[in-house]
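> Provided herewith is a single structure, encoded as structure tokens, for subsequent inquiry.
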Amino acid sequence: MPELKLYHAHWSLCSQMVRVALYEKGLNFESERIKLCDHSDEAGNLTNDFLKNVNPTGVVPVLKWDEEIIRDSAYIIERIDELNGTNDINLWPKDPEKRNELKNWVQDTTVTEGVAMGKSLGTIIPLFSTGLIEDLIKNLKFSSILRILFKHPRRERKTAFIMMYFSSIKKRIGPMVYKGFSKEMMYLEKNLSPESFLLGEFSHADINLMSCFHRLEEMKLGQILEMPELPKVSNYWQKLKSRDSYQKGILDYPDHEEMLNKIFQNGPNPHLEPLKEKIRSLMNL
Ligand SMILES: N[C@@H](CCC(=O)N[C@@H](CS)C(=O)NCC(=O)O)C(=O)O
């Protein structure tokens, strides 16, 4: 069994996905928590050591597998699946046709490199956290913003973070993806079966959707997952939440709980009703 060390952030969709995969397989790993530059002055993803020895593109998760460094959550999960942990489970099917189908689902349900933000379910979900990220960024020290400016290797993120600090983008982002999000949810409803997981057996795509749906709940958009118009999605979410890996890989790694509790404390998430309305109207077409 190789030695596994995971560089990850508690509040990070892609880190959650990898942790859930590790717990699903029953694999032991050493944990190296990284506090990201968008919410902590520590900016562990921008230190010289991290950029030089762990990930020159400045993002988590990264898995150190003995001496090999493996980057990108989707690829990390595929590699993890080669190992046999204490649980007898495969996250990828053997059948090539099923593998292809799963590959497409995986790409659509995570932050896939080369896919523009807002163009797939996996790149829409993080946009609903813009409000919270903006608040966290505004609380950073000025010196931390300068560090982002001079050291962040990803130009599009750097620009977004700096705009959030000096001005505000949170109100504009949500409405841009109402339609795309609603269509994705309906597509999911159409493709889910009432009894099983997305592709029958539990797989990598179910892990991604578990993290995406959890983020919706955190953003107080969980009511969408209970809409009578989306019965298979509701049932599916109940099944995902009842897995041990949801508790161990997501709930057991809390972060800035205070901010999460405070968010929208004076009322519901302003995107909630427009999103529900959009889903209903598309259903009636
Ligand atoms: N495609 C990459 C995306 C990784 C990614 O965007 N990670 C985010 C957290 S979910 C991150 O490290 N953000 C920190 C930053 O951009 O400064 C993966 O799947 O691993």
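> From the list Leu36, Leu51, which one is out of contact with any Leu (no Cβ under 8 Å at 6 or more places or on another chain) and farther than 19 Å from Pro126 by Cα?
When all the criteria are applied, what remains is Leu51.
> Testing Thr86 on (1) in a loop (DSSP other than H, G, I, E, B); (2) away from the ligand (no atom under 13 Å from the Cβ); (3) surrounded by 15 or more Cβ atoms within 10 Å (Cβ to Cβ), one condition comes back false. Which one is that?
Among (1) in a loop (DSSP other than H, G, I, E, B); (2) away from the ligand (no atom under 13 Å from the Cβ); (3) surrounded by 15 or more Cβ atoms within 10 Å (Cβ to Cβ), Thr86 violates only (3).
> Let me ask you something else. Considering only the stretch 170-185, I want to know if a residue exists there that is over 22 Å from Leu216 (Cβ atoms) and not assigned by TED's automatic domain parsing to the domain that holds Lys35. If you could, list the steps in order and put the result at the bottom.
So in the stretch 170-185, the residues over 22 Å from Leu216 (Cβ atoms) come out as none.
No, the stretch 170-185 contains no residue that is over 22 Å from Leu216 (Cβ atoms) and not assigned by TED's automatic domain parsing to the domain that holds Lys35.
> Output the number of residues of the stretch 160-176 satisfying the condition of being touching a helix residue (DSSP H, G or I) at 6+ places or on another chain (Cβ under 6 Å) and either away from the ligand (no atom under 14 Å from the Cβ) or not in a helix (DSSP H, G or I) (or both).
So the count comes out to 3.
> Restricting to the stretch 89-117, and then to whatever is touching a His at 6+ places or on another chain (Cβ under 7 Å) and part of a loop (DSSP other than H, G, I, E, B), can you tell me which residue is surrounded by the most Cβ atoms within 10 Å (Cβ to Cβ)?
Step one: of the stretch 89-117, the residues touching a His at 6+ places or on another chain (Cβ under 7 Å) are 91-92, 102, 106.
Going one step further and asking which of them are part of a loop (DSSP other than H, G, I, E, B), we end up with 91-92.
Numbers: Leu91: 21, Trp92: 18.
Only one residue tops the list, namely Leu91.
> Could you tell me whether Ser31 is within 15 Å of the ligand (Cβ to nearest atom) and either in the same structural domain as Phe213 (by TED's automatic domain parsing) or among the polar types (S, T, N, Q) (or both)? Spell out the reasoning first.
On the way: within 15 Å of the ligand (Cβ to nearest atom): no; either in the same structural domain as Phe213 (by TED's automatic domain parsing) or among the polar types (S, T, N, Q) (or both): yes.
Judged against the criteria, Ser31 is not a match.
> Would the stretch 204-220 turn up any residue that is polar (S, T, N, Q), out of contact with any strand residue (DSSP E or B) (no Cβ under 7 Å at 6 or more places or on another chain) and within 29 Å of Tyr7 (Cα to Cα)? Steps first, please.
Initial filter on the stretch 204-220 (polar (S, T, N, Q)): 208, 211.
With the extra rule that they be out of contact with any strand residue (DSSP E or B) (no Cβ under 7 Å at 6 or more places or on another chain), the set shrinks to 208, 211.
Those still in the list that are within 29 Å of Tyr7 (Cα to Cα) too: 208, 211.
Checking the stretch 204-220: at least one residue is polar (S, T, N, Q), out of contact with any strand residue (DSSP E or B) (no Cβ under 7 Å at 6 or more places or on another chain) and within 29 Å of Tyr7 (Cα to Cα).
> Then there's this: Which residue out of Ser144, Ser73 is polar (S, T, N, Q), more than 20 Å from Leu221 (Cα to Cα), surrounded by 14 or more Cβ atoms within 10 Å (Cβ to Cβ) and near the ligand (Cβ under 10 Å from one of its atoms)?
Every option except Ser73 fails the conditions.
> Let me ask another. Only one of these is acidic (Asp, Glu), within 11 Å of the ligand (Cβ to nearest atom) and either under 22 Å from the mean Cα position of the chain (by Cα) or under 19 Å from Asp38 (Cα atoms) (or both): Glu113, Glu134, Glu78, Glu101. Name it.
After applying the criteria, what remains is Glu113.
> Name every residue in the stretch 177-220 that is closer than 29 Å to Ile145 by Cβ and outside any helix (DSSP H, G or I), in order of residue number.
Matches in the stretch 177-220: Val177, Met219, Lys220.
> If you scan the stretch 164-178, which residues turn out to be more than 10 Å from Leu275 (Cβ to Cβ) and not polar (S, T, N, Q)?
Met164, Tyr165, Phe166, Ile169, Lys170, Lys171, Arg172, Ile173, Met176
> Specify the residue that is farthest from the chain's Cα centre (by Cα); the eligible residues are those in the stretch 45-65 that are near the ligand (Cβ under 10 Å from one of its atoms) and surrounded by fewer than 21 Cβ atoms within 10 Å (Cβ to Cβ).
Among them, the one singled out is Leu46.
> Looking at (1) surrounded by 17 or more Cβ atoms within 10 Å (Cβ to Cβ); (2) modelled with pLDDT of 95 or more; (3) under 21 Å from Ser40 (Cβ atoms), find the lone condition where Glu184 falls short.
(3)
The values are calculated or read from the model by the stated rules, or taken from the named source; none is laboratory data. Everything quoted here is computed from the prediction, not taken from an experiment. With ideal geometry, Cβ positions are generated from the backbone for all residues, glycine too; neighbour counts draw on all protein chains shown.
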